[in-house]
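The values are calculated or read from the model by the stated rules, or taken from the named source; none is laboratory data. All values reported here derive from a predicted model rather than from experimental measurement. Backbone-built Cβ (ideal geometry, glycine too); neighbour counts: all protein chains shown.
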Amino acid sequence: MLTDFFNQNAERLKNKKLFLLDMDGTVYNENTVFGGTAAFLDSILSHNAKYVFVTNNSSKSVADYVKKVEKMGIKANEDNFFTSTNASVMLLKKTYQGALIYAQGTASFIKELKDGGLNITTVYDKSAKAILLGFDTELTFEKLSTTSKMLCTTNATYYATHPDYVCPVNYGFVPDLGSMCFGLFKASGKNPIYIGKPKPQMLYSAMEREGVTKEETVVIGDRLSTDITSGYNAGIDTVCVLSGEATLKDIQEFQIKPAFVFEGIEKIIL
Ligand SMILES: [Mg+2]
């Protein structure tokens with residue numbers, strides 16, 4: 001019988017059809033894949049289920065991610081990923097069919113939005129109906145000031161792909177999109193509607209794309225405030241792994257409890 005860290009019966013995980021997996025801290029640590037990752041992913045496939053890596057990071061394209069995980073020996077193609085950019089395209093397509101959207105982000109972010117069928121401008125345009133920001137690792141002051149002008153002088157609905165304040169790097173952290181939005185709030189008085197984790201929207205969109213129900217889905221991750229909270233907000237089963245950020249003490253103290261706790265994904269052999 002499959003049991004979790006607290007010896008709780010976790011057999012229902014065997015019936016899941018979609019495994020939404022966080023990446024850093026869950027299947028690898030920075031650039032080193034965890035020993036049990038391949039066996040875990042194989043066991044999902046042998047149960048005729050699917051795994052999709054879910055990430056808030058909108059600075060990299062899905063193609064970039066495929067390359068990154070292939071180097072680590074992880075089997076994945078483009079449809080094994082769902083980024084906050086994918087979720088944004090799905091959401092904005094429904095609301096702004098054909099309408100002009102001002103976007104700021106990396107060149108690969110802008111390309112993904114256009115390839116996804118959105119009508120995008122990256123220059124100031126008063127007629128834009130929406131503003132969408134991604135994590136811009138190619139940020140310039142000119143881009144920032146154009147976005148500021150869009151926010152200050154138009155009533156376009158304002159979105160950002162994800163709310164993370166910082167992004168981990170090998171020496172600590174760099175400011176992420178949430179920090180940029182905080183600076184823009186100081187300039188414009190406006191806050192965005194966030195799309196990525198911990199908002200449930202991202203998971204709703206992933207389930208919609210994969211054609212599965214909440215009951216058939218599970219979210220697995222190492223962060224309580226994003227992975228576990230997003231699953232909880234979306235009404236999906238959650239698994240917290242202890243291979244990354246969250247410790248047992250954090251889990252005890254955090255308001256939202258994961259359905260299951262495992263030391264790492266290598267312990268979840270279906
Ligand atoms: Mg993580």
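Here are the numbers for the structure shown:
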read-out: Selection within segment 23-57 - near the ligand (Cβ under 10 Å from one of its atoms) and within 16 Å of residue 267 (Cα to Cα); value: 25, 26, 27, 28
read-out: Residue 142 free of Cβ contacts under 8 Å to residues at least 40 places away in the same chain and within 18 Å of residue 208 (Cα to Cα); value: no
read-out: Of all residues making up segment 200-230, the number that are aliphatic (A, V, I, L, M), away from the ligand (no atom under 13 Å from the Cβ) and over 14 Å from residue 163 (Cβ atoms); value: 5
read-out: Selection from segment 3-22 of residues that are within 23 Å of residue 48 (Cβ to Cβ) and of a type in the set (A, V, I, L, M, F, W, C); value: 10, 13, 18, 19, 20, 21
read-out: Filter pass, residue 236 being more than 13 Å from the ligand (Cβ to nearest atom), out of contact with any Phe, Trp or Tyr (no Cβ under 6 Å at 6 or more places or on another chain), closer than 18 Å to residue 18 by Cβ and among the β-branched types (Val, Ile, Thr); value: yes
read-out: Hey, residue 231 closer than 24 Å to residue 93 by Cα and in contact with an Asp or Glu (Cβ under 8 Å, 6 or more places away or on another chain) or not; value: yes
read-out: Residues within segment 228-263 that are without any contact (Cβ under 8 Å) to a residue 40 or more places away in the chain, buried (at least 20 other Cβ atoms within 10 Å of the Cβ) and among the hydrophobic types (A, V, I, L, M, F, W, C), tallied; value: 4
read-out: Residue ranges of strands (runs of 3 or more DSSP E) in segment 1-113 with at least 3 members in contact with a Leu (Cβ under 9 Å, 6 or more places away or on another chain); value: 18-21, 50-55, 100-104
read-out: Candidate set from segment 160-207 (those that are among the aliphatic types (A, V, I, L, M) and assigned to a strand (DSSP E or B)); member that is modelled with the lowest pLDDT; value: 169
read-out: Tally, over segment 1-54, of residues that are surrounded by 18 or more Cβ atoms within 10 Å (Cβ to Cβ) and of a type in the set (Lys, Arg); value: 2
read-out: Meets criteria (among the acidic types (Asp, Glu) and without any contact (Cβ under 8 Å) to a residue 60 or more places away in the chain) for residue 24; value: no
read-out: Filter pass, residue 213 being among the polar types (S, T, N, Q), more than 24 Å from residue 110 (Cα to Cα) and part of a loop (DSSP other than H, G, I, E, B); value: yes
read-out: So residue 14, is it away from the ligand (no atom under 16 Å from the Cβ), touching a residue at least 40 places away in the same chain (Cβ under 8 Å) and touching a His at 6+ places or on another chain (Cβ under 7 Å); value: yes
read-out: Residue that is assigned by TED's automatic domain parsing to the domain that holds residue 114, among the hydroxyl-bearing types (Ser, Thr, Tyr) and surrounded by 16 or more Cβ atoms within 10 Å (Cβ to Cβ), where the choices are 153, 157, 140; value: 157
